[in-house]
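Visitor: Pasting a structure below so you can have a look.
The values are calculated or read from the model by the stated rules, or taken from the named source; none is laboratory data. Remember, predicted model here, so these are calculated numbers, not experimental data. Glycine gets a Cβ as well: all are built from the backbone with ideal geometry, and neighbour counts include every protein chain shown. Only protein heavy atoms, including side chains, enter the accessible area calculation; ligands, DNA and RNA are left aside. Shrake-Rupley method; radii C 1.70, N 1.55, O 1.52, S 1.80 Å.
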Amino acid sequence: GYVLLDSPIRITIAGNRVTAMLGTSYLKISVKGDAEWVEGQADDTYQISVWNNPGVVLPNTGGSGTAMIYLIGMMLIGLASVGLIMKNRREAA
């Protein structure tokens, strides 16, 4: 469901200089110490920023979950239990 890149990413390494191009545009390259740097990488790693754009509206995730369903189920079980207890008391009397 994501938009494919228009062209391949071309990475050029010349000595200690690294460039990355997508079509005719230069891509952002981060090294250790830059604000965009992702921790946990080796010190001599280059990170290239490429945007991954959705082609369609993606579904939402992480909703309220099933907590409300469980709560309603417990309330119904409680009401049924009270109903049975009341019925047994009436029959015993």
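Visitor: If you take every residue apart from residue 20 with its C-beta less than 14 Å away from the C-beta of residue 20, what net charge results, scoring Lys and Arg +1 and Asp and Glu -1?
Guide: Cβ neighbours under 14 Å give a net charge of +2.
Visitor: Over all directions, the average projected area of the alpha-carbon convex hull for the chain comes to how many nm²?
Guide: So the mean shadow area of the Cα hull is 12.2 nm².
Visitor: Sticking with this one: Sum up the charges of everything whose Cβ sits under 10 Å from the Cβ of residue 47, counting Lys and Arg as +1 and Asp and Glu as -1, but leave residue 47 out.
Guide: Around residue 47, the charge tally is 0.
Visitor: Let me ask you something else. What relative contact order, as a whole-number percentage, does the chain give when Cα pairs under 8 Å and 6 or more residues apart are counted?
Guide: Computed value for the chain: 21 percent relative contact order.
Visitor: First compute the accessible area of the chain with a 1.4 Å probe, then give the percent of it belonging to carbon and sulfur atoms.
Guide: Carbon with sulfur: 61 percent of the solvent-accessible area.
Visitor: Another question about this same structure. So for each of 23-36, 79-92 I average, over its residues, the number of other beta carbons within 10 Å; can you give me the resulting order with the highest mean first?
Guide: Working: 23-36: 10.9, 79-92: 9.3.
Going by the mean number of other Cβ atoms within 10 Å, highest first, we get 23-36, 79-92.
Visitor: Ignoring everything except DSSP H segments at least 4 long, calculate the 222 nm mean residue ellipticity for the chain; use -39,500 (n - 2.57) per segment, divide by total residues, nearest 500.
Guide: -10000 deg cm²/dmol
Visitor: For the chain, what does the accessible surface come to per residue with a 1.4 Å probe? Please give it in Å².
Guide: Here the per-residue accessible area is 88 Å².
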